[in-house]
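The values are calculated or read from the model by the stated rules, or taken from the named source; none is laboratory data. Note that the structure is predicted; figures quoted are calculated from it, not measured. Because the Cβ atoms are built from the backbone with ideal geometry, glycine has one as well, and the counts that use them run over all protein chains shown. Accessible surface is based on the protein model in full, side chains and every heavy atom, while ligands, DNA and RNA are left aside. Shrake-Rupley method; radii C 1.70, N 1.55, O 1.52, S 1.80 Å.
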Amino acid sequence: MKAHSIFSWGSTDAILEGSLLASKAEGIYIYDHTGKKYIDWGSGAVCSNLGHTVPKEVVEAVEKQLKTVAFVYGDSAYTEIRAKLTGLLGAITPGDINGFYFASGGAEAIEVAIRMARKYTNRTKIMSR
């Protein structure tokens, strides 16, 4: 099973050597296939910032959204909940900040930051290092 895994945040061989086979998770803990308990220091990375024991209200909200519209790509459509969230963000952010983009990763976030900078400054050249 491990022989076919590739990891993105470091040397695959080194990570693979020390990786565990996760079989269960609760709260801040993750358990390997032998039942050994570990603090899951990586659960906040990417998407699990609520830990592994997700509150009932969040599960219900996710379930409702999955039954309504499971996914739309950000450049092709928007959902009622996305419109509501961007409206709330616009109400609490300072000044005239009123445009929001929800990136799915770092490269996409950088591309959008460049687009936003070009739009709001009317400049087209980008310097980077």
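Points worth noting:
- Pairs with Cβ under 7 Å, 6+ apart, first in region 108-129 and over 22 Å from Tyr73 (Cα atoms), second open to solvent by less than 100 Å² (accessible area, probe 1.4 Å): Ile126/Ile114
- For region 65-111, taking the residues that are under 30 Å from Arg129 (Cα atoms), over 17 Å from the mean Cα position of the chain (by Cα) and open to solvent by less than 50 Å² (accessible area, probe 1.4 Å), the one that is modelled with the lowest pLDDT is identified as Gly99.
Yes or no, residue by residue, for (1) of a type in the set (S, T, N, Q); (2) over 28 Å from Ile28 (Cβ atoms); (3) in contact (Cβ under 8 Å) with a residue 12 or more places away in the chain:
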| site | (1), (2), (3) |
| --- | --- |
| Pro55 | no, no, no |
| Glu63 | no, no, no |
| Val69 | no, yes, no |
| Tyr78 | no, yes, no |
| Lys84 | no, yes, no |
| Asn98 | yes, yes, no |
| Ala103 | no, no, no |
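- Within region 19-37, residues that are touching a residue at least 12 places away in the same chain (Cβ under 8 Å) have Cβ atoms under 6 Å from residues that are loosely packed, with under 14 Cβ neighbours inside 10 Å and small (Gly, Ala, Ser) in these pairs: Ile30/Ala22; His33/Ser23, counting only partners at least 6 apart in sequence or on another chain.
- Residue match in region 112-123 (condition: open to solvent by less than 100 Å² (accessible area, probe 1.4 Å), polar (S, T, N, Q) and more than 15 Å from the chain's Cα centre (by Cα)): yes
- In region 4-60, the residues that are open to solvent by 90 Å² or more (accessible area, probe 1.4 Å), at pLDDT below 80 and more than 26 Å from Phe102 (Cα to Cα): His4, Ile6, Asp13, Glu17
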